[in-house]
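Working notes for the structure below.
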Amino acid sequence: MKKEQLEKIKEWFDEYVAGFYGDDEYFNANIELKDRHSRLVCAESLYLADELGLTDEQKQIAEVIAILHDVGRFVQFERYRTYNDPRSVNHSLLGVKIIREHNVLANLTAGEAEIIEVAIKYHGDKQLPDNLSGEVFLQSRIIRDADKIDIYRVVTECYEQYENDPDSFKLEIELPDEPWYSDEVLQKILTGRRIDYRDLKTLNDMKLIQLSWVYDVNFAATYNRIRERRFLEKIIDFLPPNDDIKQVAKTVLEYVDRKIKQG
Ligand SMILES: [Fe+2]
């Protein structure tokens, strides 16, 4: 891929997203969230690509994947007014469909387009399919990690805004903000097991699942980012200050430290 091709794809993205903004403040705030997220995921993918010592060619592919990975989000919100996939549509598959309809990858080689589409298709799945290998496996892991790093920024910023001024909070809150959390979710995070989104009942459960994402990180560089930005500590501060949560904090922070030491 040439540098100009990457630039053309970014220009397409700019124009495409610009078309979604209108006069509804709530709608615009939600579009802006994913618009900004897409751009910041590019920065995180480049950081990871650098840390992993990738070639310029590989970095360009990583950046195309990053800018387009959530391209399905805009139509998803327009049609369903939610970013909740189970309640609406699989935004990753919708993204691949949009990329094809708009011929966004038309000037790339078939091999490049394949890597990009596959990485986008699976970026939001609970797990990657186990038949991926080589370049597509590498790029699929990069986008999943880069995405998580920036979602940590998004959620910690959201919790801060919501706590400071819940009435003027402009984003969707998908679960009831009640003082409790589910025992099932707590037990799963303490034992390092995967939590299903269907297990979530309260906003605190959502915070716990976000902490459990550390069990699904691919690269030491990602753990370094999570640690240096103190995302886990910030989320923990928005949970009830009791012994359960102290235990959760200890479990996830120690896990991350171990992963960093292992390199
Ligand atoms: Fe996504």
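Summary table
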{"item": "Whichever residue in the range 1-10 is touching a helix residue (DSSP H, G or I) at 6+ places or on another chain (Cβ under 9 Å) and in a helix (DSSP H, G or I) and, among such residues, is nearest to VAL154 (Cα to Cα)", "result": "LYS10"}
{"item": "VAL71 being within 16 Å of the ligand (Cβ to nearest atom), out of contact with any strand residue (DSSP E or B) (no Cβ under 6 Å at 6 or more places or on another chain) and more than 24 Å from GLU174 (Cβ to Cβ)", "result": "no"}
{"item": "Any hit, the range 107-116, residues being touching a Phe, Trp or Tyr at 6+ places or on another chain (Cβ under 7 Å), touching a residue at least 40 places away in the same chain (Cβ under 8 Å) and among the acidic types (Asp, Glu)", "result": "no"}
{"item": "Residue within the range 208-219 that is more than 17 Å from the chain's Cα centre (by Cα), on the phi < 0 side of the Ramachandran plot and assigned to a helix (DSSP H, G or I) present", "result": "no"}
{"item": "Filter pass, GLU163 being outside any helix (DSSP H, G or I), charged (D, E, K, R) and touching a residue at least 24 places away in the same chain (Cβ under 8 Å)", "result": "no"}
{"item": "ASP183 vs. criteria within 16 Å of the ligand (Cβ to nearest atom) and either closer than 22 Å to LEU33 by Cβ or of a type in the set (D, E, K, R) (or both)", "result": "no"}
{"item": "Residue that is of a type outside the set (D, E, K, R) and away from the ligand (no atom under 16 Å from the Cβ), where the choices are GLY134, GLY95, GLY124", "result": "GLY134"}
{"item": "Set ALA49, ALA66: member being in contact (Cβ under 8 Å) with a residue 40 or more places away in the chain and more than 13 Å from the ligand (Cβ to nearest atom)", "result": "ALA49"}
{"item": "Number of the exception - ALA221 against (1) free of Cβ contacts under 8 Å to residues at least 60 places away in the same chain; (2) of a type in the set (Gly, Ala, Ser); (3) buried (at least 18 other Cβ atoms within 10 Å of the Cβ)", "result": "(1)"}
{"item": "Leading residue by the ranking (farthest from ARG229 (Cα to Cα)) among those in the range 17-46 that are polar (S, T, N, Q) and without any contact (Cβ under 8 Å) to a residue 60 or more places away in the chain", "result": "ASN28"}
{"item": "Cβ pairs under 8 Å, 6+ apart, first in the range 120-131 and in the same structural domain as SER45 (by TED's automatic domain parsing) and closer than 16 Å to ILE98 by Cα, second acidic (Asp, Glu) and within 13 Å of the ligand (Cβ to nearest atom)", "result": "HIS123/ASP147"}
{"item": "Every pair of residues 6+ apart whose Cβ atoms lie under 9 Å, when the first sits in the range 179-199 and is farther than 17 Å from LEU239 by Cα and acidic (Asp, Glu) while the second is outside any loop (DSSP other than H, G, I, E, B) and at pLDDT 90 or above", "result": "ASP196/LYS188; ASP196/ILE209; ASP199/GLU184; ASP199/VAL185; ASP199/LYS188; ASP199/ASP205; ASP199/ILE209"}
{"item": "Positions within the range 11-51 being surrounded by fewer than 17 Cβ atoms within 10 Å (Cβ to Cβ) and either of a type in the set (Lys, Arg) or not in a helix (DSSP H, G or I) (or both), in sequence order", "result": "GLY19, TYR21, GLY22, ASP23, ASP24, ARG36, ARG39"}
{"item": "Complete set of residues in the range 124-154 that are farther than 12 Å from ASN218 by Cβ and either in a helix (DSSP H, G or I) or of a type in the set (Phe, Trp, Tyr) (or both)", "result": "GLY134, GLU135, VAL136, ASP150, ILE151, TYR152, ARG153, VAL154"}
{"item": "Count of residues meeting criterion [closer than 20 Å to THR191 by Cβ and surrounded by 18 or more Cβ atoms within 10 Å (Cβ to Cβ)] in the range 224-248", "result": "6"}
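Results for (1) of a type outside the set (D, E, K, R); (2) closer than 19 Å to ILE120 by Cβ, shown as yes or no for each residue.
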{"residue": "GLY22", "(1), (2)": "yes, no"}
{"residue": "GLU25", "(1), (2)": "no, no"}
{"residue": "HIS37", "(1), (2)": "yes, yes"}
{"residue": "LEU54", "(1), (2)": "yes, yes"}
{"residue": "ARG73", "(1), (2)": "no, yes"}
{"residue": "ARG87", "(1), (2)": "no, no"}
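The values are calculated or read from the model by the stated rules, or taken from the named source; none is laboratory data. None of these values were measured; they are calculated from a predicted model. Using ideal geometry, Cβ is built from the backbone for each residue, glycine included, and neighbour counts are taken over all protein chains shown.
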